[in-house]
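Visitor: Quick one: the structure is below, questions incoming.
What follows is calculated from the coordinates using simple rules that are stated; it is not laboratory data. In this text, all values refer to a predicted model and were calculated from it rather than measured experimentally. Counting neighbours? That spans all protein chains shown, and the Cβs are built from the backbone with ideal geometry, glycine included.
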Amino acid sequence: MTTVTWNREVDKQLSRIPELIVRKFRIWAALVEESGIREVRKHKGFHDEPLKGQRQGQRSVRLNIDYRAIYVERQTGKLELIEVVEVNKHDY
């Protein structure tokens, strides 16, 4: 069984983003805990992908076109959410 955890900083980030995005995040977390991350990665709508560069070892899940959840998969089977970020195409 996979569990998804996050800290108080992530709670603060979730409180500042639109409710629709928070709901999609909670759906993703529930699916991960119910079916496991390997099965959820098969859902194309989440665009689960490994990150590169300074974020190597982390993965990203697309919550919508503007928001991503960044997480790390631990060897214990737990997923640790690191942050929820707003992606701005002007930052590229």
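Each row is one residue, and each column tells you yes or no for (1) part of a strand (DSSP E or B); (2) surrounded by fewer than 11 Cβ atoms within 10 Å (Cβ to Cβ).
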position: Met1; (1), (2): no, yes
position: Lys12; (1), (2): no, yes
position: Ile27; (1), (2): no, no
position: Glu34; (1), (2): no, no
position: Ser60; (1), (2): yes, no
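Visitor: I'm checking my understanding of the structure. Among residues of segment 36-58 that are in contact with a Lys or Arg (Cβ under 6 Å, 6 or more places away or on another chain) and surrounded by fewer than 15 Cβ atoms within 10 Å (Cβ to Cβ), which one is farthest from Lys78 (Cα to Cα)?
Guide: Ranking the candidates gives His47 first.
Visitor: Scan segment 1-35 for residues that are touching a residue at least 12 places away in the same chain (Cβ under 8 Å), farther than 14 Å from Tyr71 by Cβ and of a type outside the set (A, V, I, L, M) and report the count.
Guide: 1
Visitor: Report, by residue number, each residue of segment 65-85 that is exposed (fewer than 13 other Cβ atoms within 10 Å of the Cβ) and within 17 Å of Pro18 (Cβ to Cβ).
Guide: Going residue by residue through segment 65-85, those that are exposed (fewer than 13 other Cβ atoms within 10 Å of the Cβ) are 65, 74-77.
Within segment 65-85, Ile65 is the sole residue that qualifies.
Visitor: Scanning segment 62-80 for residues that are assigned to a strand (DSSP E or B) and touching a residue at least 40 places away in the same chain (Cβ under 8 Å), which turns out farthest from Ala29 (Cα to Cα)?
Guide: If we filter segment 62-80 for residues that are assigned to a strand (DSSP E or B), which is where we start, we get 62, 67-73, 78-80.
From what's left, touching a residue at least 40 places away in the same chain (Cβ under 8 Å): 67, 69, 71, 78-80.
On the way: Tyr67: 15, Ala69: 10, Tyr71: 11, Lys78: 11, Leu79: 9, Glu80: 11 Å.
My answer is Tyr67.
Visitor: Going by the conditions given, is Asn88 polar (S, T, N, Q) and over 19 Å from Trp6 (Cβ atoms)? Write out each step before concluding.
Guide: Details: polar (S, T, N, Q): yes; over 19 Å from Trp6 (Cβ atoms): yes.
Taking the combined requirement at face value, the residue satisfies it.
Visitor: Looking at Glu33, Glu83, which is the one that is touching a strand residue (DSSP E or B) at 6+ places or on another chain (Cβ under 8 Å) and within 15 Å of Leu14 (Cβ to Cβ)? If you could, list the steps in order and put the result at the bottom.
Guide: Working: Glu33 fails: within 15 Å of Leu14 (Cβ to Cβ).
That would be Glu83, the only listed residue that is touching a strand residue (DSSP E or B) at 6+ places or on another chain (Cβ under 8 Å) and within 15 Å of Leu14 (Cβ to Cβ).
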